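Colleague: The structure under discussion is supplied below as structure tokens; questions concerning it will follow.
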Amino acid sequence: MKNIKFVVATKETKKSFLEKKPFGLFLEKTNLLNSTYVIENNTEPLTKVYNKFLTEEFKSNCVIFIHDDVLIDDLFALEKIQLAFEKYDIIGLAGTKSCNINSEMCAWHLMSESSNYVGEVAHYAKDRKVWTTVFGPSDSRALLLDGLFIGVNVEKAIETGLKWDENFSFHHYDISFCLRANNLKIKAGVFPLRAVHYGLGDSMLTEEWEKSNEKFKTLYATS
């Protein structure tokens, strides 16, 4: 059985993260803070931060890369994560089983028919209501995973040479990673875990996302 470690990169100080951010609040209420690497005041691209954990030092671990605005709301989180890693070497909460690599807008939910969506995630609205989006089966193989929560068997990543693509900083880092994993024949999938995402999901409206989208198409789309 592998050790489970969490990695979260936040722009906040560690103190502010633990007091204000959803994942920080989760850590404060559990005994998992000692199993978590909090990268505070972070200004580095996520890919560079995350690649530091796909190294020999962490070979005996399965590492969960998670956003600071995700609240895990599941009493059996660790047990479920351990069970998921018995099936898959990369795990997530939501994604899709297919990918049209030549899509104009390169986000996982726009690169696939909805019939191929898998997993589920709860979302938080400003009126303090929480609702759950059920994309599809929640114990399923997946090709692309949403980057809000991606777990990796580090030993498998080292064995195959899998790394996060440092051409990307925040946008498209998740789908490029999953495509690389698929090319290396690494098994990925979603599993059922109660988690609430407090993000608004509006990053696709930014100029930064549009530039990243063009870069992704240049590097990954087929001619």
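Colleague: Listed highest first by mean packing, meaning other Cβ atoms within 10 Å per residue, what order do 164-173, 213-222 come in?
Modeller: Working: 164-173: 19.3, 213-222: 14.1.
Going by the mean number of other Cβ atoms within 10 Å, highest first, we get 164-173, 213-222.
Colleague: Compute the Cα gyration tensor for segment 147-223, then decide on rounded, prolate or oblate, letting a ≥ b ≥ c be the square roots of its eigenvalues: rounded whenever a/c is under 1.5, prolate when a/b is larger than b/c in the other cases, and oblate in all that remain.
Modeller: On the way: a/c = 2.28, a/b = 1.15, b/c = 1.99.
Taking the square roots of the gyration eigenvalues as a ≥ b ≥ c, segment 147-223 is oblate.
Colleague: If the only charges are +1 at each Lys and Arg Cβ and -1 at each Asp and Glu Cβ, what is the size of the charge dipole of segment 3-220 around the Cα centre, to the nearest 20 debye?
Modeller: Working: 26 positive and 30 negative charges, 55 e Å.
For this selection, approximately 260 debye.
Colleague: So for each of 137-147, 78-88 I average, over its residues, the number of other beta carbons within 10 Å; can you give me the resulting order with the highest mean first? Intermediate values should be presented prior to the final figure.
Modeller: On the way: 137-147: 21.4, 78-88: 15.7.
Ranking, from highest mean packing down: 137-147, 78-88.
Colleague: Longer than 20 Å from Cα to Cα, which of K29/K59; K2/K59; K163/K211; K163/K215; K80/K187; K156/K187 are they? Say none if no pair is. Spell out each step's value before the answer.
Modeller: On the way: K29/K59 28 Å; K2/K59 9 Å; K163/K211 22 Å; K163/K215 18 Å; K80/K187 17 Å; K156/K187 10 Å.
In this structure, K29/K59; K163/K211 lie more than 20 Å apart at Cα.
Colleague: Here's something else I'd like to know. Take peptides 151-161, 118-128 and line them up by average Cβ neighbours within 10 Å, highest first, as a rough protection proxy.
Modeller: Working: 151-161: 19.2, 118-128: 15.5.
The packing order, highest mean first, is 151-161, 118-128.
Colleague: Note the listed values (1) 19.7, 59; (2) 17.1, 53; (3) 16.4, 50, then indicate which one is Rg and Dmax of the Cα atoms in Å calculated from this particular structure.
Modeller: Label (3) holds the value from this structure.
Colleague: If you bin the C-alpha pair distances of segment 86-131 every 10 Å from 0, what whole percents do you get?
Modeller: Histogramming segment 86-131 at 10 Å steps yields 23, 37, 31, 9 percent.
Colleague: Please give every one of the lysines within straight-line cross-link reach of K126, meaning a C-alpha to C-alpha distance under 16 Å, and leave out same-chain neighbours fewer than 8 residues apart.
Modeller: Output for K126: K20, K21.
Colleague: Then there is this: ³J(HN,Hα) across segment 137-147 via Karplus (A = 6.51, B = -1.76, C = 1.60, θ = phi - 60°), whole Hz, x for Gly/Pro?
Modeller: Per residue, the Karplus-derived 3J(HN,Hα) values read x, 9, 9, 7, 4, 9, 9, 10, 10, 6, x Hz.
Every read-out reported here was derived from the displayed coordinates using simple, explicitly stated rules and does not represent laboratory data. Since we're looking at a predicted model, the values are computed, not measured. Every residue, glycine as well, gets a Cβ built from its backbone with ideal geometry; the counts of neighbours run over all protein chains shown.
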